[in-house]
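Each remark here refers to the structure printed beneath this line.
FYI, it's all coordinate maths here, none of it is from the lab. Given the structure is predicted, the values throughout are model-derived calculations rather than measurements. Positions of Cβ are backbone-derived with ideal geometry, glycine not excepted, and every protein chain shown enters the neighbour counts.
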Amino acid sequence: MIIDISKHYFSYYAGTSKLNELNGFKVGEIINDGQGYTGVILGIYDKFEVRTDSNGMVDASKIKKLRSKDKIKAYLFDLHRADIYFINREFKELEEKL
């Protein structure tokens, strides 16, 4: 599954990737990062490296496509919670400035 990374808390990575696709993986794709964590590809760079939200820079040969619907749902739920947390934090910071 591929998501639009510009719509989430890690949106500052949108458009920073050197490539949009590598070996069938695309920016915004939900993956297993090779260390057991579910994450999303934020960017694909030189030297066969990808940046994930779960584990930073990882070797592209270690990531795997995530096929489990339950794991995808769990990841999307966690992503939603993180987005809400950051929105609330930004709101509180703006409120304090007023």
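Based on what the data block shows, is residue 6 loosely packed, with under 12 Cβ neighbours inside 10 Å, among the polar types (S, T, N, Q) and either outside any loop (DSSP other than H, G, I, E, B) or over 11 Å from the mean Cα position of the chain (by Cα) (or both)?
No; evaluated as a whole, the condition is false for this residue.
Which condition breaks for residue 48 when tested against (1) within 15 Å of residue 5 (Cβ to Cβ); (2) in contact with a helix residue (DSSP H, G or I) (Cβ under 7 Å, 6 or more places away or on another chain)?
Failed condition: (1).
Can you pull out every residue in the range 9-20 that is among the hydroxyl-bearing types (Ser, Thr, Tyr) and in a loop (DSSP other than H, G, I, E, B)? Spell out the reasoning first.
Of the residues in the range 9-20, the ones among the hydroxyl-bearing types (Ser, Thr, Tyr) are 9, 11-13, 16-17.
9, 16, 17 - these are the residues of the range 9-20 that are among the hydroxyl-bearing types (Ser, Thr, Tyr) and in a loop (DSSP other than H, G, I, E, B).
Going by what's in this entry, would residue 13 be described as surrounded by fewer than 20 Cβ atoms within 10 Å (Cβ to Cβ), within 21 Å of residue 86 (Cα to Cα) and either of a type in the set (D, E, K, R) or free of Cβ contacts under 8 Å to residues at least 60 places away in the same chain (or both)? So that I can check it myself, show each step before the final result.
On the way: surrounded by fewer than 20 Cβ atoms within 10 Å (Cβ to Cβ): yes; within 21 Å of residue 86 (Cα to Cα): yes; either of a type in the set (D, E, K, R) or free of Cβ contacts under 8 Å to residues at least 60 places away in the same chain (or both): yes.
Yes; evaluated as a whole, the condition is true for this residue.
Go through the range 21-66 and count every residue that is among the acidic types (Asp, Glu) and either part of a loop (DSSP other than H, G, I, E, B) or in contact with a Ser or Thr (Cβ under 9 Å, 6 or more places away or on another chain) (or both).
Step one: of the range 21-66, the residues among the acidic types (Asp, Glu) are 21, 29, 33, 46, 49, 53, 59.
Add one more test, that the residue is either part of a loop (DSSP other than H, G, I, E, B) or in contact with a Ser or Thr (Cβ under 9 Å, 6 or more places away or on another chain) (or both), and what stays is 33, 46, 53.
Number satisfying all stated conditions: 3.
Listed here are the residues, each with its yes/no results for (1) closer than 26 Å to residue 90 by Cβ; (2) free of Cβ contacts under 8 Å to residues at least 12 places away in the same chain; (3) surrounded by fewer than 16 Cβ atoms within 10 Å (Cβ to Cβ).
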{"position": "31", "(1), (2), (3)": "no, no, no"}
{"position": "44", "(1), (2), (3)": "no, no, no"}
{"position": "52", "(1), (2), (3)": "yes, no, no"}
{"position": "70", "(1), (2), (3)": "no, yes, yes"}
